[in-house]
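What follows is calculated from the coordinates using simple rules that are stated; it is not laboratory data. Every value quoted in this text rests on a predicted model; they were computed, and no experiment measured them. Every residue, glycine among them, receives a Cβ derived from its backbone with ideal geometry; neighbour counts consider all protein chains shown.
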Amino acid sequence: MLSGPIPRHVAIIMDGNGRWASERRLPRPFGHRAGMKAVREAVEGAIDAGVAVLTLFAFSEENWNRPATEISALMDLLEEYIAKEVAELKGQGVRVHVLGDRTRLTPGGRSAVEQVERETAGGQKLSLNLCISYSSRGEIAHAARLLAEEVLKGTKQLEDIDEEAIRAKLYTAPWGDPDLLIRTSGEQRLSNFLLWQLAYTELYITPVLWPDFNRRTLLEAILDYQRRERRFGKVTAS
Ligand code: FPP
């Protein structure tokens, strides 16, 4: 079925949990809980399709401004997800990394994150990056600070600060840029996600709300990607 090129790196803005819950007259955390099942679908679908890297936007720095009850429900869910899935992820050959400012997590959240990274470190099939307490502008500012420190120390010269030097300091440095970005729930914006990395990424926006996302939705996105012509700013050879 998937005979064309497979995107090596897929990134997803998982959106619409709140709307999914309101449509059912349920409190928002029910939508997040249903969204956890969709995360499993995305991971399994990515493995089946042969995707190598899956980067999910789970919690933004801006999300810290949500009501305390919703934040704590989301953090509990993250810990629950890790506790429930770590063995399965390990068995599937998934290696998990958490990207973002983890100093803002609770001690319990931080240790769950460290545990899943440690226990899945041998995974070879799929790299699963969970962006938590993540903001792209924050990531770029962090990279700038690291480079400034090296210049001040004298280990780097000013002339060495180029695109490659910045790229190498981003949280995503080991995995390269996404080939395909999926956003659910129909919103047409990037919401401070991977702004540097998405420069030439193909965008796929679906009206499906995140809790309804499944392997089929992922497959449809990949099939759509296969019909795109990627030019990276150049012209097509004729
Ligand atoms: C956006 O929907 C979704 C989030 C802020 C949280 C995403 C979390 C999950 C999918 C569940 C847990 C994930 C992991 C990795 C354990 P929204 O609340 O902004 O929805 P709305 O736009 O309809 O209000």
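For segment 33-156, pairs of C-alpha atoms spaced more than 25 angstrom apart make up 31 percent of the total. Cβ crowding within 10 Å ranks W196, W210 as W196, W210, fewest other Cβ atoms first.
Along the charge dipole of the chain, Cβ charges K/R +1 and D/E -1, which of A46, T206, S72 sits furthest on the positive end? Value computed over the given set: T206. Across segment 57-128, Cα-Cα pairs farther apart than 16 Å form 48% of the total. Just to be sure I follow the definition: excluding the sites themselves, where is the longest run in the chain that has none of the trypsin sites (Lys or Arg not before Pro) in a DSSP loop with at most 15 other Cβ atoms within 10 Å? In the chain, the maximal stretch lacking such sites is 26-124. Largest first, the extents of the alpha carbon coordinates of segment 178-231 on the three principal axes equal 30, 26, 14 Å.
When Rg and the Kirkwood radius Rh are both evaluated on Cα atoms of the chain, their ratio Rg/Rh stands at 0.97. Entry note, the chain: the mean residue ellipticity at 222 nm calculated from DSSP H runs of n ≥ 4, each adding -39500 (n - 2.57), is -14000 deg cm²/dmol after division by the residues and rounding to the nearest 500. Mean-square fluctuations from a GNM of the chain, with a 10 angstrom spring cutoff on Cα atoms, peak among G186, G45, G109 at G186. So how far apart, in nm, are the two label points at F232 and K37 if each is 7 Å from Cα heading toward Cβ? Between F232 and K37, the simple spin-label model gives 4.1 nm.
Setting aside same-chain residues fewer than 8 positions from K90, which lysines have a Cα under 18 Å from its Cα? Once the sequence-local lysines are set aside, what remains near K90 is K37, K125. Taking only the C-alpha atoms of segment 125-208, the Rg (one decimal) and the largest Cα-Cα distance, Dmax (whole number), read 15.2, 51 Å. Our estimate of slack between L203 and A68, defined as 0.36 nm per intervening residue step minus the Cα-Cα distance, is 45.4 nm.
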